[in-house]
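Asks: Take a look at this one; I'll ask things after.
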Amino acid sequence: MRVLVVGSGGREHALAWALSRSADVSELHAAPGNPGIAGLAHCHPARADDHAAVVSLARELRIDLVVVGPEAPLVAGLADELRHRGIAVFGPSAAAAQIEGSKAFAKEVMETAGVPTARTLPVARPPCVLKLDGLAAGKGVWVCRTQDELDSALEVAQAFDQPFHAEELLEGPELSVFALAAGETAVAFPPARDYKRIGDGDTGPNTGGMGSFSPLPDVADEDSAEILETVHVPVLRELARRGSPFQGLLYAGLMRTEDGLRVIEFNCRFGDPETQSLLPRLASDLLPQLAGDLSQQLEVADRAAVTVVVSGGEYPERGDQGTPIEGIEAAEATGALVFHAGTALHDGQLVTNGGRILNVVGTGATVAEARSTAYEAAAHIDFAGMHFRTDIAANV
């Protein structure tokens, strides 16, 4: 099969890495890709948000399957445009992608489907969580325990040109469970956990994600099957009932509260950086499921993976461009994987080109072993102002 991966981040590099290992992938392409992906696939200068360019590229290359990484093109209808032209695509329609594109829509679907989630509050009063309704690259959520925090969050939220709402503040450990879905049929990945705040000890502002790991100490891999039936499948059935069957990756962000699991949010694509920890755990070929064959469960190896995100020094306030990066080969020589997230090549030199720059992934028999590998590898990487959390998967 000729496969095109759409996107340019660490998640897309991980997907390209997994697909490159499939014996059934004859050609692997990426649009636009990044310098890391270029080592695995043919990269083409078509941006993920330029639907016409992506469709034209897919037709020109006679692509058999398009795998869309980022959420924004999906919410904007890229999968619809590809399907209308007879091109197979892994990713939901714009209508189904509203499960991520609109928090209000997701709440309505969950309530109808009977899926437990946080209550929406008629008035914002601390403690609460303030959420933008639409896409915000993982930065549209504010936890407000005090009135000062709420006042600050309201000021920031009002600067966005979209609605927002307040909901009850749930307490407990978070986890992510991904489901490959085709209509009302789905296959689950094992649970993973990510770290959203910029600083050690979960301090500082929210980010797109600063690290992840799997398996979890408190939720077994086998529990994904039950979570799938109680969380994902009811939502898939409701979307199908509404005439918007979901085809792609349905990602449930969950919290394990004293009253059981509650859904924090749904996303319509692979999570970043959880994907970077989950794909290295697979023992089976990912291609059949991405191509729509959900007749078999995913085979998961008895190993752990830990991802450490290396960011620019001023992230998440701003990205970093043009700073030379050294040490990638030395990091990979430790046995770790290094997925590029925000990099570019300038005159043959690898440089920064974003907020989250690299994802360093260690694997091992245990989470502790995988963590040690990840941090040993990260220590070899160097660029001015680089930052990473030192507590990913600590004390697991």
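Asks: Scan Asp293, Asp302, Asp391, Asp285 and give me the residue that is assigned to a loop (DSSP other than H, G, I, E, B) and closer than 24 Å to Ala38 by Cα. Explain how you work it out, then say what you get.
Replies: Numbers: Asp293 fails: closer than 24 Å to Ala38 by Cα; Asp302 fails: closer than 24 Å to Ala38 by Cα; Asp391 fails: closer than 24 Å to Ala38 by Cα.
Within the list Asp293, Asp302, Asp391, Asp285, the selection yields Asp285.
Asks: Which ones in the stretch 162-178 are in a loop (DSSP other than H, G, I, E, B) and open to solvent by 40 Å² or more (accessible area, probe 1.4 Å)?
Replies: Of the residues in the stretch 162-178, the ones in a loop (DSSP other than H, G, I, E, B) are 162-163, 169-173.
Selection gives Gln162, Pro163, Glu171, Pro173.
Asks: All but one of (1) farther than 18 Å from Tyr315 by Cα; (2) part of a strand (DSSP E or B); (3) open to solvent by 10 Å² or more (accessible area, probe 1.4 Å) hold for Val361, so report the exception by its number.
Replies: (3)
Asks: Would you pick out the residues in the stretch 144-161 that are in contact with a strand residue (DSSP E or B) (Cβ under 9 Å, 6 or more places away or on another chain) and either assigned to a helix (DSSP H, G or I) or open to solvent by less than 50 Å² (accessible area, probe 1.4 Å) (or both)? Show your work before the answer.
Replies: Initially, the stretch 144-161 is screened for residues in contact with a strand residue (DSSP E or B) (Cβ under 9 Å, 6 or more places away or on another chain), giving 144-145, 149-154, 156-158, 160.
Across the stretch 144-161, the qualifying residues are Cys144, Glu149, Leu150, Asp151, Ser152, Ala153, Leu154, Val156, Ala157, Gln158.
Asks: Within the stretch 157-167, is there a residue that is over 20 Å from Gly101 (Cβ atoms) and either in contact (Cβ under 8 Å) with a residue 40 or more places away in the chain or basic (Lys, Arg) (or both)?
Replies: no
Asks: Answer yes or no as to whether Asp223 is in a loop (DSSP other than H, G, I, E, B) and of a type in the set (D, E, K, R). Steps first, please.
Replies: Numbers: in a loop (DSSP other than H, G, I, E, B): no; of a type in the set (D, E, K, R): yes.
Spelling it out, it is not the case that Asp223 is in a loop (DSSP other than H, G, I, E, B) and of a type in the set (D, E, K, R).
Asks: Now for a separate question. Out of the residues in the stretch 63-86 meeting the condition of being part of a loop (DSSP other than H, G, I, E, B) and touching a strand residue (DSSP E or B) at 6+ places or on another chain (Cβ under 6 Å), tell me which one is farthest from Arg237 (Cα to Cα).
Replies: Step one: list which residues in the stretch 63-86 are part of a loop (DSSP other than H, G, I, E, B), which gives 63-64, 69-70, 76-77, 85-86.
Filter again for touching a strand residue (DSSP E or B) at 6+ places or on another chain (Cβ under 6 Å), leaving 63-64, 69-70.
On the way: Ile63: 30, Asp64: 28, Gly69: 24, Pro70: 24 Å.
Among those that are part of a loop (DSSP other than H, G, I, E, B) and touching a strand residue (DSSP E or B) at 6+ places or on another chain (Cβ under 6 Å), it is Ile63.
Asks: Can you run down the residue pairs with Cβ atoms below 7 Å, 6 or more apart or on separate chains, where the first is in the stretch 112-126 and among the basic types (Lys, Arg) and the partner is part of a loop (DSSP other than H, G, I, E, B)?
Replies: Listed by first residue and then by second, the contacts come to nothing, as the list is empty.
Asks: Still on this structure, I have one more. Could you list, in sequence order, the residues of the stretch 254-269 that are in a strand (DSSP E or B) and either out of contact with any Ser or Thr (no Cβ under 7 Å at 6 or more places or on another chain) or open to solvent by less than 10 Å² (accessible area, probe 1.4 Å) (or both)? Reasoning before the result, please.
Replies: Taking the stretch 254-269 as the starting set, the residues that turn out to be in a strand (DSSP E or B) are 254-257, 260-267.
Of everything in the stretch 254-269, those that are in a strand (DSSP E or B) and either out of contact with any Ser or Thr (no Cβ under 7 Å at 6 or more places or on another chain) or open to solvent by less than 10 Å² (accessible area, probe 1.4 Å) (or both) turn out to be Leu254, Met255, Arg256, Thr257, Gly260, Leu261, Val263, Ile264, Glu265, Phe266, Asn267.
Asks: Now for a different question. Of the conditions (1) under 27 Å from Pro288 (Cβ atoms); (2) modelled with pLDDT under 95; (3) not aromatic (Phe, Trp, Tyr), Ile227 satisfies every one except a single condition; which number is it?
Replies: With (1) under 27 Å from Pro288 (Cβ atoms); (2) modelled with pLDDT under 95; (3) not aromatic (Phe, Trp, Tyr) applied to Ile227, the lone miss is (2).
Asks: Gly327 - would you say it is at positive phi and either loosely packed, with under 14 Cβ neighbours inside 10 Å or at pLDDT 95 or above (or both)? Lay out the reasoning, then the answer.
Replies: Details: at positive phi: yes; either loosely packed, with under 14 Cβ neighbours inside 10 Å or at pLDDT 95 or above (or both): yes.
Judged against the criteria, Gly327 is a match.
Asks: Here's a check for you: in the stretch 364-396, which residue that is touching a helix residue (DSSP H, G or I) at 6+ places or on another chain (Cβ under 6 Å) and among the aliphatic types (A, V, I, L, M) is farthest from Gly211 (Cα to Cα)?
Replies: Ile381
Asks: Residues that are part of a strand (DSSP E or B), of a type outside the set (Gly, Ala, Ser) and surrounded by fewer than 18 Cβ atoms within 10 Å (Cβ to Cβ): does the stretch 312-322 have at least one?
Replies: Here is the first cut: in the stretch 312-322, the ones part of a strand (DSSP E or B) are 320-322.
Okay, now just the ones that are also of a type outside the set (Gly, Ala, Ser), so 320-321.
The next check asks that each one be surrounded by fewer than 18 Cβ atoms within 10 Å (Cβ to Cβ); those that pass are 321.
Looking for residues that are part of a strand (DSSP E or B), of a type outside the set (Gly, Ala, Ser) and surrounded by fewer than 18 Cβ atoms within 10 Å (Cβ to Cβ), one finds at least one in the stretch 312-322, hence yes.
Asks: Does the stretch 75-88 hold any residues that are under 23 Å from Leu286 (Cβ atoms) and in contact (Cβ under 8 Å) with a residue 40 or more places away in the chain, and which are they?
Replies: Across the stretch 75-88, the qualifying residues are Leu78, Ala79, Ala88.
Asks: Next up: Which of the residues spanning the stretch 30-55 are within 18 Å of Leu82 (Cα to Cα), within 20 Å of the chain's Cα centre (by Cα) and open to solvent by less than 60 Å² (accessible area, probe 1.4 Å)?
Replies: Across the stretch 30-55, the qualifying residues are Ala30, Ala31, Pro32, Ala48.
Asks: In addition: Of the residues that sit in the stretch 123-137 and are open to solvent by 40 Å² or more (accessible area, probe 1.4 Å) and under 17 Å from Ala159 (Cα atoms), which one is modelled with the highest pLDDT? Lay out the reasoning, then the answer.
Replies: If we filter the stretch 123-137 for residues that are open to solvent by 40 Å² or more (accessible area, probe 1.4 Å), which is where we start, we get 123, 125-127, 135, 137.
Then drop every residue that is not under 17 Å from Ala159 (Cα atoms), which leaves 135, 137.
Numbers: Leu135: 88, Ala137: 71.
So the residue we want is Leu135.
Asks: One residue is enough: does the stretch 179-186 have a residue meeting the conditions assigned to a loop (DSSP other than H, G, I, E, B) and either crowded, with 24+ Cβ neighbours inside 10 Å or of a type outside the set (Asp, Glu) (or both)? Please lay out each step first, then the result.
Replies: Of the residues in the stretch 179-186, the ones assigned to a loop (DSSP other than H, G, I, E, B) are 183-184.
Now restrict to residues that are either crowded, with 24+ Cβ neighbours inside 10 Å or of a type outside the set (Asp, Glu) (or both): 183.
Scanning the stretch 179-186, I find at least one residue that is assigned to a loop (DSSP other than H, G, I, E, B) and either crowded, with 24+ Cβ neighbours inside 10 Å or of a type outside the set (Asp, Glu) (or both), so the answer is yes.
Asks: Something else now. Among the residues of the stretch 224-243, how many are in contact with a helix residue (DSSP H, G or I) (Cβ under 8 Å, 6 or more places away or on another chain) and open to solvent by less than 60 Å² (accessible area, probe 1.4 Å)?
Replies: Count: 4.
Asks: Here's something else I'd like to know. Filter the stretch 187-199 down to residues that are open to solvent by 20 Å² or more (accessible area, probe 1.4 Å) and among the aromatic types (Phe, Trp, Tyr), then give me how many there are.
Replies: Here the count works out to 1.
Asks: Can you name every residue in the stretch 207-223 that is touching a residue at least 40 places away in the same chain (Cβ under 8 Å) and open to solvent by 30 Å² or more (accessible area, probe 1.4 Å)?
Replies: First, pick out the residues of the stretch 207-223 that are touching a residue at least 40 places away in the same chain (Cβ under 8 Å): 207-219, 221.
Correct list: Pro215, Pro217, Asp218, Asp221.
Asks: Answer yes or no as to whether Arg281 is modelled with pLDDT of 95 or more, farther than 18 Å from Trp17 by Cα and not aliphatic (A, V, I, L, M).
Replies: Values: modelled with pLDDT of 95 or more: yes; farther than 18 Å from Trp17 by Cα: no; not aliphatic (A, V, I, L, M): yes.
Spelling it out, it is not the case that Arg281 is modelled with pLDDT of 95 or more, farther than 18 Å from Trp17 by Cα and not aliphatic (A, V, I, L, M).
The values are calculated or read from the model by the stated rules, or taken from the named source; none is laboratory data. Nothing here was measured: the structure is a model prediction, and the numbers come from that model. Methodologically, a virtual Cβ is constructed for each residue, glycine included, from the backbone with ideal geometry; neighbour enumeration extends over all protein chains shown. Just the protein is used for accessible areas: all its heavy atoms, side chains included, with ligands, DNA and RNA removed. Shrake-Rupley method; radii C 1.70, N 1.55, O 1.52, S 1.80 Å.
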